[in-house]
Amino acid sequence: MNKQEFLKYYMAGQRVFNGTVLRGIDLNGANLERIILNDVDLSNTNLVNANLESADFSNTDFTNANLSGANLDYSKWCGSNLTNANLTNASLTSIIFDGANLTGTNMINADNLIGSMKDAVFYNTIMPDGSVFTDPHHGFLRETWELKD
């Protein structure tokens, strides 16, 4: 699906796009609040400054996606692949990263990293303060970032 077709459906009120391929699409600054994109290929996608509040991205591929400055508050990422994703300066209030792969993800200067990250994988993950988690088993994550289930 191309950008124009995707946005046309969204503007017409469609919110569920499960299984869609949107690889490499440029959605810079798009308002996609409450969208449901489960099992979607969003690798290499540009979502800089997008509003993705209250979205559901379960089991979605965000490999090499750019989500810098995006509003990700109250979003769900269960089982998603965020390998090498850019989440710098993103807002992360009450997110659910349960079972997500955050290998190589950059979250420097992300705001309000609060939520659940049960069984999430952290390997060379850059946290909001610039520290790097090198152990995929994040034993100290709960104490460091005060995450709540």
Subject >> Base-10 log of normalised Debye intensity for the chain (one unit scatterer per alpha-carbon) at q = 0.11 Å⁻¹ >> reply: -0.36
**OP:** Work out the count of Lys pairs in the chain where the Cα-Cα distance is under 23 Å, with the pair 8 or more places apart or on different chains.
**Re:** 4
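All of the numbers you see were taken from the coordinates with simple rules; none came from a lab. Quantities reported herein were computed from a predicted structural model and do not represent experimental measurements.
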